[in-house]
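The values are calculated or read from the model by the stated rules, or taken from the named source; none is laboratory data. All values derive from a computational prediction rather than experimental measurement. Note: ideal-geometry Cβ built from the backbone for every residue, glycine included; neighbour counts use all protein chains shown.
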Amino acid sequence: MTKILIVEDEEKISRFLELELQHEGYEAGKAADGRTGLDMALSGDYDLMVLDIMLPELNGMEVLRRLRKTSQLPVIMLTARDAVMDKVSGLDMGANDYITKPFAIEELLARIRALLRTSVAIAPLARGAALSCGELIMNVDAHTVTYKEANIELTNKEFSLLQALLENKDIVLSRDVLLDRIWGYGYIGETNVVDVYIRYLRQKIDDVFHVKLIHTVRGIGYTIKDEKESES
Ligand code: CA
């Protein structure tokens, strides 16, 4: 079932949207502040987000900015009437569409349907899809990772880190992006935690199978790539 995330601090509006979306056959999730909304959006459980701009904790623009570091989740922004700046900067920052408050529910539903239709093609990762790099294969739903059919046992954090790398194969991800995504932007602790977990992954994958999949890009971050694939 298609799941839609509503990030809106005005309880009346979010409850109304929830009921309308459920009535249309969608599953709806709600967050009343930006931080919770961002966490839920990054969980990968949702197909589309309706995002208000004025929110406690993190405003909608900031939620969108952080989301777009790692996610292509379709986003419709809710903007105040005549707030032209909001519309422009929202679209600049990667919102797919916006709607002005107060809005007719039919218009929002039409935009949601339109966006879901077009976003199927750009969805970064269908649920149940396998991710791979050379002989390394991750099945996200089954939570398994294999190399040439040999099972690799990973902790949850290692799994999430590897998933982030595989979803962005051949793209360098900075430590900050990985830290935000795996440990959360509120993470307070050792700043080298990403490096530590990269080392764990290398020990369990590169070292065991005598391959070089996880690469350090000095001064930037990490990427996963199969050199045999990229050289050809
Ligand atoms: Ca609001």
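The table below gives the values:
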quantity: Residue count for the stretch 197-225, restricted to those that are in a strand (DSSP E or B) and of a type in the set (V, I, T); calculated: 5
quantity: Any chance A164 is within 21 Å of R35 (Cβ to Cβ) and not β-branched (V, I, T); calculated: yes
quantity: Residue list for the stretch 26-73, filter: within 16 Å of the ligand (Cβ to nearest atom) and in a loop (DSSP other than H, G, I, E, B); calculated: A32, D33, I53, M54, L55, P56, E57, L58, N59
quantity: Filtered residue count, the stretch 7-21, keeping only those that are crowded, with 16+ Cβ neighbours inside 10 Å and either aromatic (F, W, Y) or outside the structural domain of L67 (by TED's automatic domain parsing) (or both); calculated: 0
quantity: Test: residue in the stretch 22-32 that is more than 28 Å from I171 (Cα to Cα), basic (K, R) and surrounded by 16 or more Cβ atoms within 10 Å (Cβ to Cβ); calculated: yes
quantity: The stretch 1-25, residues that are within 18 Å of the chain's Cα centre (by Cα) and within 13 Å of the ligand (Cβ to nearest atom); calculated: I6, V7
quantity: So R113, is it away from the ligand (no atom under 16 Å from the Cβ), surrounded by 15 or more Cβ atoms within 10 Å (Cβ to Cβ) and either modelled with pLDDT of 85 or more or closer than 21 Å to L173 by Cα (or both); calculated: no
quantity: Residues of the stretch 141-193 satisfying the condition of being part of a helix (DSSP H, G or I) and polar (S, T, N, Q); calculated: N156, S160, Q163
quantity: Residue pairs meeting the criteria (Cβ under 6 Å; at least 6 apart or on separate chains; first part of a helix (DSSP H, G or I), in the stretch 1-22; second modelled with pLDDT under 95 and more than 10 Å from the ligand (Cβ to nearest atom)); calculated: E20/I105
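A quick yes/no check of all residues on (1) farther than 19 Å from R65 by Cβ; (2) of a type in the set (F, W, Y); (3) at pLDDT 95 or above:
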residue: M1; (1), (2), (3): yes, no, no
residue: H23; (1), (2), (3): yes, no, no
residue: A28; (1), (2), (3): yes, no, yes
residue: A31; (1), (2), (3): no, no, yes
residue: G34; (1), (2), (3): no, no, yes
residue: D47; (1), (2), (3): yes, no, no
